[in-house]
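Contents: one structure, followed by commentary.
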Amino acid sequence: MQKKGSDENYFYSIAYEFLSRTKRSYFLSPLEIDLILKWEEKKIPLSVIKKALKEGFKRAGRKKTLLYFKKIVEKEFKNYLSLSSGKNMKTAKGDNQKREEHKKLIEIIPDEYFKELYAEFFSEERTFDEKVKFDEMIDKKISERFFTDRILEEAEIEWSKKYPFISVDNNTKRKLVEKYLIVKKREELNLFSVMNL
């Protein structure tokens, strides 16, 4: 159970990260829940906590309580803040350069809705998994926004005429056609993949 108003994704991400490594029951103690809520109040980024958990598990193997990681998280957060405040100018300069590159890429997107999604995504550093999920979400949004059943049916007919030698079931054909249309729409809208950035 978590406090009203807390970010469900934040809470569950930490709980999953911890519990999946400990192989214990799928419940956190009240003290552990309280600790996560305190981290959230301090606005400690998920990436910092995940890094701290990874480091802590390397050092001590499977710990039974999340409380063990409290000092490790605090230390990682201190490092994070010192980097953010400019103590590591090289990293800050590199991050600023990345942000500028991302801004330029975002500016070529003609659709304002997608511009906002990309801008929000690049507002903070992201993991590879987050990038994969973002690309999948963009594909889904493209599909929802631009492809009606009729468009997909017409594309399937065209596909069957163009590639009669490809023999697949209708469900697979629909997925292939949709992916093909998504790729074309991404090109048209300059919606680049973020996975390799």
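The values are calculated or read from the model by the stated rules, or taken from the named source; none is laboratory data. These figures come from a predicted structure and were not determined experimentally. Neighbour counts are summed over all protein chains in view; Cβ atoms, including those assigned to glycine, are modelled from backbone coordinates with ideal geometry.
Against the criterion of being surrounded by 11 or more Cβ atoms within 10 Å (Cβ to Cβ) and among the charged types (D, E, K, R), residue 116 qualifies. Restricted to helices (runs of 4 or more DSSP H) entirely inside the stretch 90-197, those with at least 2 residues that are of a type in the set (Phe, Trp, Tyr) and outside the structural domain of residue 48 (by TED's automatic domain parsing) are 112-121, 128-146.
Looking only at residues of the stretch 157-197 that are under 13 Å from residue 142 (Cα atoms) and hydrophobic (A, V, I, L, M, F, W, C), we find that the one that is surrounded by the most Cβ atoms within 10 Å (Cβ to Cβ) is 191. Applying a threshold of 7 Å to beta carbon distances and a minimum spacing of six or more residues, or different chains, the list of pairs starting in the stretch 48-59 at a residue that is closer than 17 Å to residue 126 by Cβ and ending at one that is among the acidic types (Asp, Glu) reads 48/76; 50/17; 51/76.
Name the residues in the stretch 58-81 that are among the hydrophobic types (A, V, I, L, M, F, W, C) and within 23 Å of the chain's Cα centre (by Cα), would you? Within the stretch 58-81, 73, 77, 81 qualify. Of all residues in the stretch 17-26, one or more are under 22 Å from residue 124 (Cα atoms), modelled with pLDDT of 80 or more and in a helix (DSSP H, G or I).
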